[in-house]
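The values are calculated or read from the model by the stated rules, or taken from the named source; none is laboratory data. Remember, it's a predicted structure, so these values are computed and weren't measured experimentally. Please note: Cβ atoms are built from the backbone with ideal geometry, for glycine as well, and neighbour counts cover all protein chains shown.
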């Protein structure tokens, strides 16, 4: 495998601050490998395995997951597809929720819950220690909500001292919560909702970039309500790309600390997503795309 070719293909490399972990900036999010509603097994288990193997073969070495996807299913598929794992593969997981049989998403954030979740992830992934664990604050439906997270971060720091967790990240958090967590433990990444149309975290991204901390947008393509924009469509037509490829390329251009984890259960769609890293956006095109957020706020 030509590593320099894959590097250029996947948006270049990023090293998580204070760690030996270096990843391609274009990664893969495993949420869609579970069944409908992120619950139960996928309709095509062999297809799910094929997507993971294709991602790694293409040079992807950053996979984002959670044991509450399925629950347990997604991590079990990752293990089936990729274990024993390539040395350079970084698996990032998250804690803070459980999925009872009614398929709801329930908060599970006591120190006991978090310890149990770490052990679930270790068992289902077949690992002795987790590379990076994000504490996901449940927050509001559409984004983070202020509130103290010291108890949860302290619990993760204890698990880190036990050697079960190597590095700690945060998800669905505010800038104040990042600062609160940093007083307790070194934080290597933040995962929040951010895309062309939702740019509330602009200042936080710039602050994290100065500290060498990764910012990983979830719902980079709008999530359950995909991005719809005539500007985005027009730019995509002009570049001979899909709107989603342009949206991903814009994120890679936005800041060097942004890492992408677009998810899919289709090999063809995976290849399409990875090609977004090859798209070159001129300053004029970026300025045009930057109008999308202002228009979204206006509406």
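Assess whether residue 91 counts as being within 25 Å of residue 129 (Cβ to Cβ) and touching a strand residue (DSSP E or B) at 6+ places or on another chain (Cβ under 8 Å). Break it down stepwise before answering.
Values: within 25 Å of residue 129 (Cβ to Cβ): yes; touching a strand residue (DSSP E or B) at 6+ places or on another chain (Cβ under 8 Å): yes.
In short, yes.
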*Please verify whether the stretch 95-109 includes one or more residues that are closer than 23 Å to residue 259 by Cβ and part of a strand (DSSP E or B).*
yes
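Considering 173, 190, which residue is part of a loop (DSSP other than H, G, I, E, B), under 21 Å from residue 108 (Cβ atoms) and either touching a residue at least 60 places away in the same chain (Cβ under 8 Å) or under 18 Å from the mean Cα position of the chain (by Cα) (or both)? Talk me through it step by step, then tell me what you get.
Values: 190 fails: part of a loop (DSSP other than H, G, I, E, B).
Only one candidate qualifies: 173.
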_Selected residue (only one of 281, 251 is closer than 18 Å to residue 232 by Cβ, touching a helix residue (DSSP H, G or I) at 6+ places or on another chain (Cβ under 6 Å) and at pLDDT 95 or above)_ = 281
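In the stretch 212-230, what count of residues is obtained for those that are within 19 Å of the chain's Cα centre (by Cα) and outside any strand (DSSP E or B)? If you could, list the steps in order and put the result at the bottom.
First pass over the stretch 212-230, keeping only residues within 19 Å of the chain's Cα centre (by Cα): 212-227.
Next, from what is left, pick out any that are outside any strand (DSSP E or B): 212-213, 219-227.
Counting residues in the stretch 212-230 that are within 19 Å of the chain's Cα centre (by Cα) and outside any strand (DSSP E or B) gives 11.
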*Among the residues of the stretch 48-64, which ones are touching a helix residue (DSSP H, G or I) at 6+ places or on another chain (Cβ under 8 Å) and either more than 15 Å from residue 75 (Cα to Cα) or assigned to a loop (DSSP other than H, G, I, E, B) (or both)?*
54, 55, 56, 58, 59, 60
*asked:* Looking only at residues that are within 14 Å of residue 257 (Cα to Cα) and either out of contact with any strand residue (DSSP E or B) (no Cβ under 6 Å at 6 or more places or on another chain) or touching a residue at least 60 places away in the same chain (Cβ under 8 Å) (or both) in the stretch 193-209, which one is surrounded by the fewest Cβ atoms within 10 Å (Cβ to Cβ)?
replied: 203
*Quickly run through the stretch 101-148 and pick out the residues that are on the phi > 0 side of the Ramachandran plot and either at pLDDT 95 or above or in contact with a helix residue (DSSP H, G or I) (Cβ under 9 Å, 6 or more places away or on another chain) (or both).*
103, 126, 147
